[in-house]
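Report on one structure; see the data block that follows.
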Amino acid sequence: MGMTRRGRRGALAKAGAALALAAALAACGNGQETPAAGGAADGAAAVKIGLQLKWVPQAQFAGYYMALEKGYYKEEGLDVDILPGGPDIVPEQQVASGAADIGVDWVASLLAHQEQGLPLVEIAQIYQKSGLVLVSKKSAGIAAAADLKGKKVGNWMGGNEFELLALFDKLGLDPAKDVQFAKQGFTMDQFLAGELDAASAMTYNEYQVVLEQGIPESELNVIDMNEEGVAMLEDNLFANADWLADNKEAAAKFVRASIKGWQEAIEQPEAAVDAVMKAAEADSTSRDHQLKMMQEVAKLVAPDGFDPAGIGKIDEAAFKQTADIALQFGVISKAADLGAAYTTEIYDMAVK
């Protein structure tokens, strides 16, 4: 998540432009595919792809900005427009409507929207671990997850709350009765002011904000979704299934270039942050904050022991675990059709 509401209007305008572009492409047929390597064929227009982010430009998405900055998309014959997200933008809705072709969001949110009937399919998994934690001041008395009972717990909602709902369910807590489950703003102001006992935070963003405000780790308690057994896969790439049916090669090229961007972002965090800062709104963040974010994001994209060559690969067991947890704790009402929820075909094409 992020720290500002700015950029929403610009994001929506860009999304509208992407929708008009998609319509124009559709009027010309299914769009021209480009060669497997070396960019667009002589005289052929680059294939345009709109990527809808989950949130505003930040190091959470560094790999895509790195791929754009280094020309990796262009080398594949693609013209990629990275569309910022915001508090009123749901990536699944944008992609389903055709306002974007590919989106970034958490797998639990994708599963919920798929169950609603939106024509979406995951094509690559970027984050291998969950970065969501609940942070509280030790003075709140939340030493363990069970201590959340009777406490005021914040979350951004809008598709970000599923892991916490799973945690409540596991603990036997009714979020409507046993805790005060409140909508959290997109800053940590409520938490810092003592208005929330426990606040949602991503390891790479909001948790760093708290530390930057001078509260030492020694005065904080952290509930980690991975350790609680309710962690779900987060940032993935998904596509409009109808668009994908006619654009598999373009999608594979996008995934290939994105993987290259992520690998380089992890290897060169300073350069990755430079690319992100060019896209971030002026005064909305600091380079130091983004650099720390990049360092934490790298731990989720390529955790200890994980080969960066495998970035983007969908771990079928991990996906099934996420889907099982989603079903068990009520994120979805019936078992997900894994054969329709994701496809490994695009990733396999990208790395062949």
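The values are calculated or read from the model by the stated rules, or taken from the named source; none is laboratory data. Owing to the predicted nature of the structure, the values given are computational and were not obtained by experimental measurement. All Cβ positions, glycine included, derive from the backbone under ideal geometry; neighbour counts span all protein chains shown. In case anyone asks, the SASA skips ligands and DNA or RNA and just uses the protein heavy atoms, side chains included. Shrake-Rupley method; radii C 1.70, N 1.55, O 1.52, S 1.80 Å.
Kirkwood analysis of the Cα pair distances in the chain returns a hydrodynamic radius of 20.6 Å. Over 30 Å apart at the Cα level, from the set 138/299; 137/177; 177/299; 170/334; 152/292, are 177/299. Among the DSSP helices (H) of the chain, those spanning at least 24 angstrom by Cα along their long axis with an average Kyte-Doolittle hydropathy of 1.0 or more are 8-27; this is a geometric and hydropathy rule only.
Could you compute the net charge surrounding residue 264? Neighbours are other residues with a C-beta less than 14 Å from the C-beta of residue 264; K and R count +1, D and E count -1. Overall, the nearby charge balance is -2.
Whole number in Å², please: accessible area per residue of the range 48-96, 1.4 Å probe, ligands, DNA and RNA not counted.
Working: 1280 Å² over 49 residues.
Here the residues of the range 48-96 average 26 Å² of exposed surface.
Ellipsoid fit via the Cα gyration tensor, the range 196-292: semi-axes of 32, 21, 12 Å, each the root of five times an eigenvalue, largest first. Residues whose amide H comes within less than 5 Å of that of residue 181, counting only those at least five positions distant or on another chain, are 153 (H built at 1.01 Å from N in the peptide plane).
I want the antiparallel fraction of DSSP beta bridges within the chain, as a percent rounded to 5.
On the way: 20 of 35 bridges.
Here the share of antiparallel DSSP bridges comes out near 55 percent.
What a 1.4 Å probe finds exposed on the range 83-151 is 46% carbon and sulfur by accessible area, rounded to a whole percent.
Note down the net charge around residue 204, summing +1 for each Lys or Arg and -1 for each Asp or Glu among other residues with Cβ under 14 Å from its Cβ.
Working: positive: 54, 129, 292, 299; negative: 206, 212, 224, 234, 235, 288, 296.
So the surrounding residues net to -3.
Computed over the alpha carbons of the range 111-256, Rg followed by Dmax gives 17.8, 56 Å. Simple rule: put +1 on each Lys or Arg Cβ and -1 on each Asp or Glu Cβ in the range 286-330, find the dipole, and look at 289, 314, 300; the Cα lying farthest toward the positive end is 289.
Our coupling estimate for the range 345-351, obtained by passing each phi through the Karplus curve with A = 6.51, B = -1.76, C = 1.60 and θ = phi - 60°, is 4, 5, 4, 4, 5, 5, 9 Hz, Gly and Pro reported as x. Partner aspartates and glutamates whose Cα lies under 13 Å from the Cα of residue 149, excluding those fewer than 8 positions away in the same chain, are identified as 169, 174, 178, 197.
Comparing 255, 179, 209 in a Gaussian network model of the chain, where Cα atoms under 10 Å apart are tied by springs, the biggest mean-square fluctuation is seen for 179.
Each other residue within a Cβ distance under 14 Å of residue 221 adds +1 if Lys or Arg and -1 if Asp or Glu, for a net charge of -4. In plain terms, if you count all Cα to Cα distances in the range 211-253 and split them into 5 Å steps from zero, the share in each step is 5, 14, 13, 10, 11, 10, 9, 9, 8, 8, 2 percent.
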